[in-house]
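The values are calculated or read from the model by the stated rules, or taken from the named source; none is laboratory data. Worth saying up front: this structure is predicted, and the values here are computed from it rather than measured. No Cβ is skipped: glycine too gets one built from the backbone with ideal geometry, and neighbour counts run over all protein chains shown. Protein only, heavy atoms only, side chains kept; ligands, DNA and RNA dropped before computing areas. Shrake-Rupley method; radii C 1.70, N 1.55, O 1.52, S 1.80 Å.
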Amino acid sequence: MAASSRAQVLRLYRALLRESQRFSSYNYRTYAIRRIRDAFRENKNIADSEKIEELLNKAKANLEVIQRQVCS
């Protein structure tokens, strides 16, 4: 994986964790954090750039969902 892709993935991972910390409910918060960590660990060895791009887009969409949920 290129350095820029790695940096982009790490930035997205941190953003997802940071936004998940804003859930007021303990159960939602811990579930979201656990799912994020598990998903990134599960996909850490993927080398196919198309698959990485697809997963990044999915994670960005999930970040937007979390941001909407936290605001309400």
Which numbered condition K44 fails, given (1) free of Cβ contacts under 8 Å to residues at least 12 places away in the same chain; (2) part of a helix (DSSP H, G or I); (3) of a type outside the set (V, I, T): (2)
In region 19-41, residue nearest to S5 (Cα to Cα) [restricted to those that are open to solvent by 70 Å² or more (accessible area, probe 1.4 Å) and not in a helix (DSSP H, G or I)]: Q21
Residue within region 39-62 that is under 12 Å from Y13 (Cα atoms) and either in contact with a Lys or Arg (Cβ under 6 Å, 6 or more places away or on another chain) or acidic (D, E) (or both) present: no
Among the candidates E50, E64, residue that is open to solvent by 90 Å² or more (accessible area, probe 1.4 Å), part of a helix (DSSP H, G or I) and within 21 Å of R6 (Cβ to Cβ): E50
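Quick check on this structure: which one of L16, L56 is part of a helix (DSSP H, G or I), hydrophobic (A, V, I, L, M, F, W, C) and modelled with pLDDT under 95? Reasoning before the result, please.
Working: L16 fails: modelled with pLDDT under 95.
Answer to the selection: L56.
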